[in-house]
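A short write-up of the structure that comes next.
The values are calculated or read from the model by the stated rules, or taken from the named source; none is laboratory data. A quick note: this is a predicted structure, and the numbers were derived from the prediction, not measured. Quick reminder, even Gly has a Cβ in these numbers, built from the backbone with ideal geometry, and neighbours come from all protein chains shown. Please note that ligands, DNA and RNA were not included when accessible areas were found on the heavy atoms of the full protein model with its side chains. Shrake-Rupley method; radii C 1.70, N 1.55, O 1.52, S 1.80 Å.
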Amino acid sequence: MASTLMILNGPNLNLLGTREPEIYGHQSLADIEALCVKAASAHSLTIDFRQSNHEGVLIDWVQEARNGFAAIIINPAAYTHTSIALHDALKAVSIPVIEVHISDPRSREAFRHESYVGLVATQTVSGKGAAGYAEAVAIAAKLI
Ligand code: DQA
């Protein structure tokens, strides 16, 4: 049985720690990766943690996750609100998909209220800061 979670991060999340810290906090993406490694090992799982600023790369990774991965955890960042292509790619996946957001997009600007990814995600965690990633790992562990 697959025991690796693919954890995908979309555009600008490589800037975490310095990018709008009043919204996204002070933890870097490397800090979040370390947090996910710890959360996953508590469930005897491993992670494959990636970030891209490119929609097509994220789609290729979602397709790759269809073979040999237990679940996908994805913070699609701004593509959450724009990408029907990412929505379609996730729809073609049969493993659990957990959507995660550091902030709560629904309490921010109106253009963040729609999530194309949320429409196909098994579950969504938002507004819990970096800790939301650990919660997403725990949810994935329960679902697989
Ligand atoms: C985000 C929320 C999105 O609206 C935004 O575009 C991001 C980050 C979050 O983690 O809160 O880049 O996904």
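Values as computed for the structure displayed
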quantity: Tally, over the range 80-105, of residues that are surrounded by fewer than 23 Cβ atoms within 10 Å (Cβ to Cβ), of a type outside the set (A, V, I, L, M) and not in a loop (DSSP other than H, G, I, E, B); calculated: 5
quantity: Long-range neighbours under 9 Å by Cβ, at least six apart or interchain, first residue free of Cβ contacts under 8 Å to residues at least 60 places away in the same chain within the range 50-78, second β-branched (Val, Ile, Thr) and part of a loop (DSSP other than H, G, I, E, B); calculated: 55/82; 62/93; 63/93; 65/93; 65/95; 66/93; 66/95
quantity: Some residue of the range 40-51 being over 13 Å from residue 7 (Cβ atoms), part of a helix (DSSP H, G or I) and open to solvent by less than 30 Å² (accessible area, probe 1.4 Å); calculated: no
quantity: Residue satisfying all of: in the range 106-128; surrounded by fewer than 15 Cβ atoms within 10 Å (Cβ to Cβ) and either under 11 Å from the mean Cα position of the chain (by Cα) or part of a loop (DSSP other than H, G, I, E, B) (or both); farthest from the ligand (Cβ to nearest atom) among these; calculated: 119
quantity: Matching residues in the range 1-34 - criterion: being within 11 Å of the ligand (Cβ to nearest atom), open to solvent by 20 Å² or more (accessible area, probe 1.4 Å), assigned to a helix (DSSP H, G or I) and in contact (Cβ under 8 Å) with a residue 60 or more places away in the chain; calculated: 23, 24
quantity: Which listed residue is over 12 Å from the mean Cα position of the chain (by Cα) and of a type in the set (D, E, K, R), from 99, 64; calculated: 64
